[in-house]
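Chemist: What follows is a structure written as structure tokens; I'll ask about it next.
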Amino acid sequence: MAVEYGQWKTGVRADGLCSSGTSFMLKLGGALAPTTLLAMLAMNGYVESAASQTASALSSMNVVMNLIPAVLSIAGVILFACYKLNDKMHAQIIEDLKARGEFFVDE
């Protein structure tokens with residue numbers, strides 16, 4: 001859907017860019033998220049083998065395990081609610097691309 005939308009808006013079909021961009025962002029997120037979260041824990045006094053953790057380490061663990069995922073989930077719901085590309089609009093985009101002679105992919 002996103003590829004056709006981009007082609008409809010810009011006139012350029014960028015299948016490869018969409019695919020590689022998605023792959024890159026997943027890999028970047030997979031590298032940065034754990035590094036950032038572990039650094040945050042370390043800055044707040046987390047010690048892996050300690051029998052008990054400091055109050056700041058426990059607070060940091062709460063933020064990392066609960067608050068950050070909750071905030072990101074809410075952001076995702078908001079973004080998804082604003083996403084206007086549905087099946088009806090996609091069908092209209094395909095019709096427009098076919099009318100312009102720019103849709104060459106078999107359905």
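The values are calculated or read from the model by the stated rules, or taken from the named source; none is laboratory data. Quick caveat, the model's predicted, so the values are computed rather than measured. Here the Cβ positions follow ideal geometry from the backbone for every residue, glycine too, while neighbour counts run over all protein chains shown.
Chemist: Select, from SER20, SER56, the only residue that is at pLDDT 90 or above and surrounded by fewer than 12 Cβ atoms within 10 Å (Cβ to Cβ).
Modeler: So the residue among SER20, SER56 that is at pLDDT 90 or above and surrounded by fewer than 12 Cβ atoms within 10 Å (Cβ to Cβ) is SER20.
Chemist: Here's a follow-up. Whether any residue in the stretch 65-82 is surrounded by 13 or more Cβ atoms within 10 Å (Cβ to Cβ), assigned to a helix (DSSP H, G or I) and in contact with a Gly (Cβ under 6 Å, 6 or more places away or on another chain) is what I want to check.
Modeler: Within the stretch 65-82 (the criterion being surrounded by 13 or more Cβ atoms within 10 Å (Cβ to Cβ), assigned to a helix (DSSP H, G or I) and in contact with a Gly (Cβ under 6 Å, 6 or more places away or on another chain)), the answer is no, since none of the residues qualifies.
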